[in-house]
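In what follows, a single structure is set out as structure tokens and then discussed.
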């Protein structure tokens with residue numbers, strides 16, 4: 001009888017910040033008007049580091065993180081919108 005695959009999970013908040021990864025961004029993309037301050041591509045080095053540790057992204061969602069580590073999710077029914085450079089991310093990897 002084969003064993004079932006077991007998983008462990010990681011939840012984290014990541015913030016897009018081009019100033020932190022400007023060298024990486026300029027090397028990979030030809031930004032004509034300068035690097036956009038909160039471009040999601042600035043998450044790639046952090047995501048790659050998690051991938052090197054065996055974590056696979058399952059979900060990513062832009063959010064507004066509150067003081068109590070709670071998340072504000074915009075209500076599609078109300079039509080309200082807001083900008084955010086914070087992302088809630090869920091990862092998984094095989095449990096050893």
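The values are calculated or read from the model by the stated rules, or taken from the named source; none is laboratory data. These numbers were taken from a predicted model, which means no experiment stands behind them. So basically every Cβ, Gly included, is an ideal-geometry build from the backbone, and we count neighbours across all protein chains shown.
Considering segment 11-50, the residues that are exposed (fewer than 13 other Cβ atoms within 10 Å of the Cβ) and touching a strand residue (DSSP E or B) at 6+ places or on another chain (Cβ under 7 Å) include one that is nearest to residue 94 (Cα to Cα), namely 11.
Regarding residue 63, is this residue on the phi < 0 side of the Ramachandran plot, surrounded by 10 or more Cβ atoms within 10 Å (Cβ to Cβ), touching a helix residue (DSSP H, G or I) at 6+ places or on another chain (Cβ under 9 Å) and at pLDDT below 90? In short, no.
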